[in-house]
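Student: Right, I'll just put the structure down here and ask away after.
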Amino acid sequence: ILTKKIKKEIKKEETNWHYPKFPRKMKNTLIISAISSSLSVWFTFFGGTDSFKTSAFKSATLSDINFEYSDIISSYGWVSIGFMLIGIISQIIYILWEKKHINEILKSRNIKN
């Protein structure tokens, strides 16, 4: 129980945005993640139905529809997907860094993981 509290405190301290030793690269990674995820939502919201090609679905039966992504998703949709992927990848980079960083600190302080 005590080691869980110690781990939690170390994680809280080391991943604090305002902590002076918090790496600038990781701040930038989180900023990129937040902005791109927001832009993805923005493009989807304001693109609305323009994000999808409705002509692929007009007067077609289910067996006639070709489910190629390029036939269904328009340019707004692809931009939205691209921004979301950038946001997800940036978040994964941060999570992997955080895990590695915390493990290194726990190891240096001889705290079992």
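Bear in mind these aren't lab numbers, they're just calculated from the coordinates by the rules spelled out. These figures come from a predicted structure and were not determined experimentally. Virtual Cβ from ideal backbone geometry, glycine too; neighbours counted across all protein chains shown.
Student: In nm, to one decimal, how far is the modelled label at Asp50 from the one at Ile95, with both set 7 Å along Cα→Cβ?
Tutor: 3.3 nm
Student: Also, I was wondering about something else. On a 32 Å Cα-Cα criterion, which of the cross-link pairs Lys4/Lys27; Lys21/Lys112; Lys25/Lys53; Lys27/Lys53 come out too long?
Tutor: Numbers: Lys4/Lys27 26 Å; Lys21/Lys112 23 Å; Lys25/Lys53 39 Å; Lys27/Lys53 37 Å.
Check vs 32 Å cut-off fails for Lys25/Lys53; Lys27/Lys53.
Student: Order these peptides, 16-29, 87-100, by their mean beta-carbon neighbour count within 10 angstrom, highest first.
Tutor: Listed from highest to lowest mean packing, they are 87-100, 16-29.
Student: Note down the nm distance, to one decimal, between modelled labels 7 Å out along Cα→Cβ at Asn28 and at Asn103.
Tutor: Distance between the two pseudo-spin positions: 2.5 nm.
Student: Once the piece of chain linking Ser38 and Lys7 is laid out straight, how much longer is it, given 0.36 nm per residue of separation minus the C-alpha distance between them?
Tutor: On the way: separation 31, 0.36 × 31 = 11.16 nm, distance 3.16 nm.
Taking Ser38 through Lys7 to full extension adds about 8.0 nm, to one decimal.
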